[in-house]
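Peer 1: One structure, as structure tokens, below. Some questions next.
The values are calculated or read from the model by the stated rules, or taken from the named source; none is laboratory data. Small disclaimer: the values here were computed from a predicted structure and weren't measured. Because the Cβ atoms are built from the backbone with ideal geometry, glycine has one as well, and the counts that use them run over all protein chains shown. Only protein heavy atoms, including side chains, enter the accessible area calculation; ligands, DNA and RNA are left aside. Shrake-Rupley method; radii C 1.70, N 1.55, O 1.52, S 1.80 Å.
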Amino acid sequence: MQAITHQSTATDWITVCAVNDILPNTGVCAWVNHQQVAIFRVGHEATLYAIANYDPFSNAYVLSRGIVGDRGGIPKVASPIYKQTFNLATGECFDNPEISVPTFPVRVVDGQVQVGRFE
Amino acid sequence: MAKQHLAKKNLIVIGNGMVGHKFLERMIAKGAAQNWNLIAFCEEPRVAYDRVNLSGFFDGKTEADLTLVEPGFYQNHQIQMHIGERATKIDRDRKCVSSAHGSTIPYDKLVFATGSYPFVPPIQGKDADGTFVYRTIADLEAIAAYAKHCRVGVVIGGGLLGLECANALKNLGLETHVVEFMSRLMPVQVDEAGGQLLKREIEAIGVRVHTQKSTTEIVNENGRVYKMVFADGTELHTDLIVFSAGIRPRDDLARECDLQVGERGGIVINQACQTSDPNIFAIGECALYDNQIYGLVSPGYLMAGVAADNLCSPGSSSFAGADMSTKLKLLGVDVASFGDAFAKTTGSRELVISDAIQGTYKKLVVDATATTLLGGILVGDASIYGSLMQLMQTKTTLPPHLEDLLLPPRSGGETALMRVENFPDTAQICSCNNVSKGDLCAAIRDQQLTDIASVKQCTTAGTGCGGCVPLVTDLLKAELKQAGIEVNNHLCEHFAYSRQELYHLVRSSVSSTDAAPPIQTFDYLLHRHGRGAGCEICKPAIASILASVWNDLILNPSHAGLQDTNDAFLANIQRDGTYSIVPRVPGGEITPDQLIVLGEVAKEFNLYSKITGGQRIDLFGARVDQLPQIWRRLIEAGFESGHAYGKALRTVKSCVGSTWCRFGVQDSTSLAIALELRYRGLRAPHKLKSAVSGCTRECAEAQSKDFGIIATEKGWNLYVCGNGGMKPQHAQLLAADLDTETLIRYIDRFLMFYIRTANRLERTATWFNKLEGGMDYLQRVVIHDALGICADLEAEMAHQVATYECEWKDAIDDPAKLKRFRHFVNADHPDPNVIRVEERGQLRPAYEHERQLLTIGTQP
Ligand code: SRM
Ligand SMILES: Cc1cc2nc3c(=O)[nH]c(=O)nc-3n(C[C@H](O)[C@H](O)[C@H](O)COP(=O)(O)OP(=O)(O)OC[C@H]3O[C@@H](n4cnc5c(N)ncnc54)[C@H](O)[C@@H]3O)c2cc1C
Ligand code: SF4
Ligand code: FES
């Protein structure tokens, strides 16, 4: 399995689950350092993205339960509450450029998903 | 007195109705504001609105929907609009107009656009409470308010407006009668035979028609309408009467200042729309040209254009009469009448096809040699009106077999003559706004229009009566096709198909004979027919299509990621991210034991409980990790999923019916339960709701449902395409007095036809409003099998019914599915941000301001 994304600046990694605990093209929420992190598995391989689980439009912790997709090739997730969409790579909201959610480093090691902390 | 610009001359318009407003628009478009102070008196409390679609007011259209005036139009163009101010006097010597508010304004030129008023025959008792006319929004508001306390309503006058008004009364829930003095309905437009057919069709919808009745007295009781007495000695009890016995031009001011008026009223105008005083013009329904009043909007619009032209450059255009052709849908029945409908031209001949089975009557009037079309009448199906109008207006040589024009093509396509592509550029497509085929084509090409909404906006075609919209749509499609552009009704960027086309791709893959496997997953459909990765638009829509075709469980791994959160967790998400639970309670019937279980579960999990608007019980506030535990309890007690989360059948509400009620004529509860169990879980383009009432009192509100059933002495009446919610719409009668078996067969066909053809998130009411041919067409498809698909539709439904499974029952027994029901993938504690507050003895989510006061523990 090939694994990816934003690992460069992270130093401190926490293993949260197996890749196979995440159905292809869905998300899960992990509890990492007292924060809620939404992790998405895009496609059938092990391409992962991690953003905050907090939806700034509804103030609820739900983004991991949104529908995953793409907009012009850019991977995104739609909030399950009011349907705003967020760029999975950058956390930017497509519907309102002034709003974005934090992103987290994420990688796969030996079939295990790890979320990192930026230093 | 309002300030006037000195260098400019004053142009005063009296009346701000449809034509008065069109005139102002024309003047602005011609740049006339540079030379004129434009001033208008508007007697009504609101500026110009769409009177033609006035009845839409009863179908949920608001004042804002009906207005003709773009926001800011009058202000931006410095038009002085005197709203709610009637002009009361014209002094032609001093050249000024006085108003009811006491202002007096001088004019250089004056335009009458005062329209007309409804004629009320001088019948004794005509002023009693409960008598109305049908002309303005204020009239409709008054009727609606009064009708709340009425059972029966009568329209006096069976003309075009009378029937439209009858429709409105019927939609207000009144037992509706139409009383017509002549021997047939719509005597001006339709001949005897057509009128008889129209009467039959309209009576079939439940409006009672009384022809050849002359009212001699309206009897009051305590000042309110009580009954009507007719010349033949018969009587009719009624609570409300609307007069629709013709219109009279509003020429009183013109008379008072001695302008020339016609013998039977109307301000006489010449070809320049000038009255007998060259400084005064008259346009619209108040004007009399060549001894004729034009009671339609399009001739009025023509006059508005001519008057504007002549005011800006005298002699530049002229009015030479106008066509009085009309096409309408009255009570769901198409009626059209055009040209020389009554064959008055010498030597003219008629061809009539009357089909009592389909309920259609079609007549063509042709010249002596049958080479050109002079006019005609269409009742029951007027879909070819636009094409026939073109043949008539362009004097096209007719084909040898005239009947081919009236009958659907036997084989191959329609007659080439009738296709909009083949019309000449001069052909007038929109008669309301006088837009030709050439105008439309030019706009489509030059401004690169690709959808009907922008065509309407840029050309104004289709914004009047709407009758030309099918032709405009055909033309747009033809133009785009010619330009090599696909008409874009694509679902989203990932699929270059409409929902209907995608449905067809999936459905036809079931029986496809080619080597490719059937399409059973989103990924495979995307691979074969789409691009990219999908999104929140196409995924749920395709999940729904797959469910409608295959009826797989929606949480199977290949479907799980496609579902909106409600479907993904088989529950309804709430504002704090927790869920509500709605078990199915078929027909609203529930045993005490079931109630106790619901109470126990609610207590145990501390759920907020509420009776829903759908006759069942909703338990709110379950965390995602609690959902399976709760459902295990509910399923043990015999409950199953209520699909409150799905674009699927919701509830079939019932009244108690003949089981208990003294008025019930059938067992409505049993039928509601049977229907709810039959269609439970059925996935559709949008949610589906139903209800069954045990008698005409309609306690279950079946007429507001996607399909609603009302018991009759003889069986069941089936109503379809109703809607509550945002834009309420009454359901319409599809078929009457059905036995239960036929009823279910029709519902099967209706639902599957809707599922096949509707757009994404389109309720049946919206779908129906776009369905060309309306109820007539739907009846032909569902009852008469005009498309030859009924056997397929029934088989598709049978598959659905046979393969139903409770999604929750499946999920609680499937460890793989259950894995998703937890908030954290790596921890067992719940979402620490869910905070509750007590209100009226139950818990609800805290509001943001309350949250700040409560300590939020980030640590579980
Ligand atoms: C719970 C309930 C309100 C209540 O407390 O009584 C309700 C709650 C919601 N309704 Fe409703 N509607 C409820 C009965 C109705 C009714 C009454 C009825 O069914 O007789 C209507 C009008 C009838 C109709 O639909 O024609 C109704 C018209 C709507 C609409 C407008 C639909 C429309 O076509 O205009 C929406 C919005 C939509 O679906 O797009 C909506 C949407 C919703 C949503 C799904 C909004 C949302 O996305 O959160 C709510 C889900 C709450 C939940 O978690 O259950 N709800 N809603 C009712 C559940 C009935 C049930 O037992 O299943
Ligand atoms: C229910 C209904 C359905 C219709 N359906 C169709 C249809 O399908 N197709 C079609 O072609 N036509 C239809 N018509 C007819 C169409 O509405 C009229 O032809 C059109 O409105 C005429 O426009 P107008 O400006 O001449 O008159 P109106 O629209 O009546 O406007 C005249 C205005 O002048 C005001 N006014 C009068 N006197 C004064 C005064 N002294 N001072 C100030 N203001 C004054 C009136 O209050 C009114 O607002 C329908 C009409 C009704 C009522
Ligand atoms: S009316 Fe609005 S707020 Fe009330 S339940 Fe329906 S959708 Fe929710
Ligand atoms: S013909 Fe009435 S809107 Fe075009």
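Peer 1: Residues of the range B:347-369 being more than 19 Å from B:Gln196 (Cβ to Cβ), open to solvent by 30 Å² or more (accessible area, probe 1.4 Å) and in contact (Cβ under 8 Å) with a residue 12 or more places away in the chain, which ones? Before the answer, list the steps.
Peer 2: The initial filter retains those residues of the range B:347-369 that are more than 19 Å from B:Gln196 (Cβ to Cβ), namely B:347-349, B:366-369.
If we keep only those that are open to solvent by 30 Å² or more (accessible area, probe 1.4 Å) too, we end up with B:347, B:349, B:367-369.
Correct list: B:Gly347, B:Arg349, B:Asp367, B:Ala368.
Peer 1: Quickly run through the range B:450-495 and pick out the residues that are of a type in the set (Val, Ile, Thr), open to solvent by 60 Å² or more (accessible area, probe 1.4 Å) and more than 16 Å from ligand 2 (Cβ to nearest atom).
Peer 2: The initial filter retains those residues of the range B:450-495 that are of a type in the set (Val, Ile, Thr), namely B:450, B:452, B:455, B:459-460, B:463, B:469, B:472-473, B:485, B:487.
So of that shortlist, the ones also open to solvent by 60 Å² or more (accessible area, probe 1.4 Å) come out as B:463, B:485.
Result: B:Ile485, single match.
Peer 1: Shifting gears a bit: With the condition being touching a helix residue (DSSP H, G or I) at 6+ places or on another chain (Cβ under 9 Å), I'd like the strands (runs of 3 or more DSSP E) fully within the range B:252-366 carrying at least 3 qualifying residues. Explain how you work it out, then say what you get.
Peer 2: Numbers: elements: B:280-282, B:287-289, B:326-330, B:333-339, B:349-355, B:360-366.
It comes to B:280-282, B:326-330, B:333-339, B:349-355, B:360-366.
Peer 1: Could you check the range A:28-79 and list, in sequence order, the residues that are within 17 Å of A:Pro105 (Cβ to Cβ), at the interface with another protein chain (Cβ under 9 Å from one of its Cβ atoms) and aromatic (Phe, Trp, Tyr)?
Peer 2: Selection gives A:Trp31 alone.
Peer 1: Also: Mind counting the residues in the range B:136-168 that are small (Gly, Ala, Ser), away from ligand 2 (no atom under 15 Å from the Cβ) and in contact (Cβ under 8 Å) with a residue 24 or more places away in the chain?
Peer 2: First pass over the range B:136-168, keeping only residues small (Gly, Ala, Ser): B:138, B:142, B:144-145, B:147, B:153, B:157-159, B:162, B:166, B:168.
Cutting the leftovers down to away from ligand 2 (no atom under 15 Å from the Cβ) gives us B:145, B:147, B:153.
Still in the list and also in contact (Cβ under 8 Å) with a residue 24 or more places away in the chain: B:147, B:153.
Counting residues in the range B:136-168 that are small (Gly, Ala, Ser), away from ligand 2 (no atom under 15 Å from the Cβ) and in contact (Cβ under 8 Å) with a residue 24 or more places away in the chain gives 2.
Peer 1: Could I ask something else about it? So which pairs qualify, if the first residue must be in the range B:12-41 and more than 26 Å from B:Leu54 (Cα to Cα) and within 16 Å of ligand 2 (Cβ to nearest atom), the second must be modelled with pLDDT of 95 or more and aromatic (Phe, Trp, Tyr), the Cβ gap must be under 9 Å, and the two must be at least 6 apart or on different chains?
Peer 2: B:Ile12/B:Phe41; B:Ile12/B:Tyr107
Peer 1: Inspect the range B:681-693 for any residue being over 18 Å from B:Leu751 (Cβ atoms) and either within 16 Å of ligand 4 (Cβ to nearest atom) or touching a residue at least 24 places away in the same chain (Cβ under 8 Å) (or both) and give the result as yes or no.
Peer 2: So in the range B:681-693, the residues over 18 Å from B:Leu751 (Cβ atoms) come out as B:693.
Those still in the list that are either within 16 Å of ligand 4 (Cβ to nearest atom) or touching a residue at least 24 places away in the same chain (Cβ under 8 Å) (or both) too: B:693.
Yes, the conditions are met somewhere in the range B:681-693.
Peer 1: Is it the case, given these coordinates, that B:Thr176 is surrounded by 22 or more Cβ atoms within 10 Å (Cβ to Cβ) and among the hydroxyl-bearing types (Ser, Thr, Tyr)? Lay out the reasoning, then the answer.
Peer 2: On the way: surrounded by 22 or more Cβ atoms within 10 Å (Cβ to Cβ): yes; among the hydroxyl-bearing types (Ser, Thr, Tyr): yes.
Taking the combined requirement at face value, the residue satisfies it.
Peer 1: Which fully enclosed helices (runs of 4 or more DSSP H) of the range B:757-835 have 1 or more residues being among the small types (Gly, Ala, Ser) and modelled with pLDDT of 90 or more? Step through it out loud before you land on a result.
Peer 2: Numbers: elements: B:764-770, B:774-782, B:790-802, B:807-812, B:815-818.
Once the helices (runs of 4 or more DSSP H) in the range B:757-835 are filtered for at least 1 residues that are among the small types (Gly, Ala, Ser) and modelled with pLDDT of 90 or more, what remains is B:764-770, B:790-802, B:807-812.
Peer 1: Within the range B:762-805, work out how many residues are open to solvent by 30 Å² or more (accessible area, probe 1.4 Å) and more than 17 Å from the chain's Cα centre (by Cα).
Peer 2: Total meeting the criteria: 19.
Peer 1: Inside the range B:567-679, counting only strands (runs of 3 or more DSSP E) that do not spill past its ends, which hold 2 or more residues that are open to solvent by 40 Å² or more (accessible area, probe 1.4 Å) and modelled with pLDDT of 95 or more? So that I can check it myself, show each step before the final result.
Peer 2: On the way: elements: B:579-581, B:608-611, B:617-622, B:649-654.
Correct list: B:608-611.
Peer 1: Just name the residue that is farthest from the other protein chains (Cβ to nearest Cβ) out of those in the range B:565-582 that are farther than 20 Å from B:Glu640 by Cβ and free of Cβ contacts under 8 Å to residues at least 60 places away in the same chain. Don't jump to the end; show me each part of the working.
Peer 2: The first filter runs over the range B:565-582 and keeps only residues farther than 20 Å from B:Glu640 by Cβ, leaving B:565, B:573-578.
Filter once more, so that each one left must be free of Cβ contacts under 8 Å to residues at least 60 places away in the same chain: B:565, B:573.
Working: B:Thr565: 3, B:Ile573: 6 Å.
Among those that are farther than 20 Å from B:Glu640 by Cβ and free of Cβ contacts under 8 Å to residues at least 60 places away in the same chain, it is B:Ile573.
Peer 1: Which residue pairs have Cβ atoms under 8 Å apart, sit 6 or more places apart or on different chains, and have a first residue in the range B:600-617 that is more than 16 Å from ligand 4 (Cβ to nearest atom) and a second that is hydroxyl-bearing (Ser, Thr, Tyr) and open to solvent by less than 40 Å² (accessible area, probe 1.4 Å)?
Peer 2: B:Gly614/B:Thr651; B:Gln615/B:Thr651; B:Gln615/B:Ser654; B:Arg616/B:Thr651
Peer 1: Could I ask something else about it? From the set of residues in the range A:83-111 that are in contact (Cβ under 8 Å) with a residue 40 or more places away in the chain and farther than 25 Å from A:Asn20 by Cα, which is nearest to the other protein chains (Cβ to nearest Cβ)?
Peer 2: Taking the range A:83-111 first, the residues in contact (Cβ under 8 Å) with a residue 40 or more places away in the chain are A:88-89, A:91, A:99, A:101-109, A:111.
Then keep just the ones that are farther than 25 Å from A:Asn20 by Cα; that gives A:99, A:101.
Working: A:Ile99: 17, A:Val101: 15 Å.
So the residue we want is A:Val101.
Peer 1: Can you name the residue in the range B:520-556 that is farther than 15 Å from B:Ser498 by Cα and β-branched (Val, Ile, Thr) and is also farthest from the other protein chains (Cβ to nearest Cβ) among such residues?
Peer 2: Within the range B:520-556, the match that is farthest from the other protein chains (Cβ to nearest Cβ) is B:Val549.
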